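Before I ask anything, here is the structure I am working with.
The values are calculated or read from the model by the stated rules, or taken from the named source; none is laboratory data. All of these numbers come straight from a predicted model, not from anything done at the bench. Here the Cβ is made from the backbone with ideal geometry for all residues, glycine too, and neighbour counts use every protein chain on show.
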């Protein structure tokens, strides 16, 4: 039997995982844990669509439909505490179309990050670019490995950009308007598990089109996200909480309009 030729895709990938997931499973009955996973993890694609739906009025249906088409083009693979999202270029895509694919992809990651954080499931992740192959529950490709390794170096709840992704967006001219780039990301000295901080480009905790974050006390909000769903906060996790709190404070300083007064 002749083997089917494998044609890799080219585009962006995000590898995300939930902090404290093992403790979450240990402290909840199976039906409680399953309910949370079904609502917030398996429901993530639907939530992203609903969020975009709410951002535009009836006079902007064409924009809304374009965004929904782009989100529908994503491939989501959700297993255990991990979310793998890919979005490939199509043959014939212009640079403008590729830029839009990146903007919608990164915007969706921010929506996902914020939604899970507000519902007690803080995530960390990495974003890469290159050739990859995804079929059912199987996936291969250097950008997936790069995104995975980047995510697992982080010692806080944040989503970082791999150099491969930054280079591709630079090539496409996404940095041409720095205010657009700065609106969705920040350059930050991010703590890593190896105890050495690295200057990274991290996605913002929200963006201007979304309702402002209502966080009067940042440390309390971050602690509650780490504690929610009966999760414990052992000493080794407190450092991640501290690092995440500082990142939120930096994010607020970088773009105070994302936060409610």
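Consider the range 218-261. How many of its residues are touching a strand residue (DSSP E or B) at 6+ places or on another chain (Cβ under 7 Å) and outside any helix (DSSP H, G or I)?
Within the range 218-261, residues that are touching a strand residue (DSSP E or B) at 6+ places or on another chain (Cβ under 7 Å) and outside any helix (DSSP H, G or I) number 2.
A further question on this structure: Determine whether the range 122-142 contains at least one residue that is in contact (Cβ under 8 Å) with a residue 24 or more places away in the chain, surrounded by fewer than 23 Cβ atoms within 10 Å (Cβ to Cβ) and assigned to a helix (DSSP H, G or I).
Scanning the range 122-142, I find no residue that is in contact (Cβ under 8 Å) with a residue 24 or more places away in the chain, surrounded by fewer than 23 Cβ atoms within 10 Å (Cβ to Cβ) and assigned to a helix (DSSP H, G or I), so the answer is no.
From the list 156, 84, 106, which residue is in contact with a strand residue (DSSP E or B) (Cβ under 9 Å, 6 or more places away or on another chain), assigned to a helix (DSSP H, G or I) and in contact (Cβ under 8 Å) with a residue 24 or more places away in the chain? Please lay out each step first, then the result.
Details: 156 fails: assigned to a helix (DSSP H, G or I); 84 fails: assigned to a helix (DSSP H, G or I).
Within the list 156, 84, 106, the selection yields 106.
Which of the residues belonging to the range 64-102 are modelled with pLDDT under 90, under 18 Å from the mean Cα position of the chain (by Cα), surrounded by 14 or more Cβ atoms within 10 Å (Cβ to Cβ) and more than 19 Å from residue 38 (Cβ to Cβ)?
67, 68, 70, 71, 73
Moving on to the next point. Of the residues that make up the range 160-172, is at least one buried (at least 17 other Cβ atoms within 10 Å of the Cβ), in contact with a helix residue (DSSP H, G or I) (Cβ under 9 Å, 6 or more places away or on another chain) and assigned to a strand (DSSP E or B)?
yes
Go over the candidates 211, 216 one by one and state the one that is surrounded by fewer than 16 Cβ atoms within 10 Å (Cβ to Cβ), under 20 Å from residue 40 (Cα atoms) and free of Cβ contacts under 8 Å to residues at least 60 places away in the same chain.
Answer to the selection: 211.
Whether any residue in the range 189-202 is part of a loop (DSSP other than H, G, I, E, B), touching a residue at least 60 places away in the same chain (Cβ under 8 Å) and over 30 Å from residue 8 (Cβ atoms) is what I want to check.
no
Cβ-Cβ distance below 6 Å, separation of 6 or more or different chains: which pairs start in the range 235-247 with a residue that is free of Cβ contacts under 8 Å to residues at least 12 places away in the same chain and end on one that is surrounded by 15 or more Cβ atoms within 10 Å (Cβ to Cβ) and assigned to a helix (DSSP H, G or I)?
Qualifying pairs under 6 Å: none.
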